[in-house]
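**Student:** What follows is a single structure, and I will ask about it in a moment.
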Amino acid sequence: MCPIDDLCLKRNIDGDELFQELKLFERFLPSRIISPIDALQNLKEGGGVFPNAMIAYRVLLTIPVTVASAERSFSNSKSDMLENMNYESLIEDFASKNARRNTRFT
């Protein structure tokens, strides 16, 4: 068993062990658990009996927040950038560079 602190994160997760833990955890999961956060809380209260499942839930609950906020930031900056872009100047710049490149190779 692994204590409920960051020591659980210092070992590698075996995929087969994780699968078995999740199947067993599902059988012991109370019916009041309806979200991943509730499931993680239940795992913590269990005293570290399912260490791989605890790590998997912690990762599950961390990644979407990180990805979603990054995507939102990129999306906002992309739309701002597109609104302020001078397309005529961009096309002229590209055409002039392409023309210079063609003269070098001919």
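**Student:** I'd like the trypsin sites (Lys or Arg not before Pro) in the range 26-67 restricted to DSSP loop residues with at most 10 other Cβ atoms within 10 Å, sorted by number.
**Tutor:** Loop-located and lightly packed - Arg32.
**Student:** Can you compute the modelled spin-label distance between Asp14 and Ser79, with each label point 7 Å from Cα toward Cβ, in nm?
**Tutor:** About 4.9 nm separates the two model spin labels.
**Student:** Using a Förster distance of 41 angstrom, determine the FRET efficiency expected from the C-beta separation of Gln41 and Lys97, and round it to 0.05.
**Tutor:** Details: r = 58 Å, r/R0 = 1.41.
After rounding, the FRET efficiency stands at 0.10.
**Student:** Once fully extended, how much extra length lies between Glu88 and Leu60, figured as 0.36 nm per residue of separation less the alpha-carbon to alpha-carbon distance? If you can, show how the numbers build up before the last one.
**Tutor:** Working: separation 28, 0.36 × 28 = 10.08 nm, distance 4.51 nm.
The span from Glu88 to Leu60 would gain 5.6 nm if fully extended.
Read-outs: derived from the displayed coordinates by stated rules, not from any lab. Quick caveat, the model's predicted, so the values are computed rather than measured. So basically every Cβ, Gly included, is an ideal-geometry build from the backbone, and we count neighbours across all protein chains shown.
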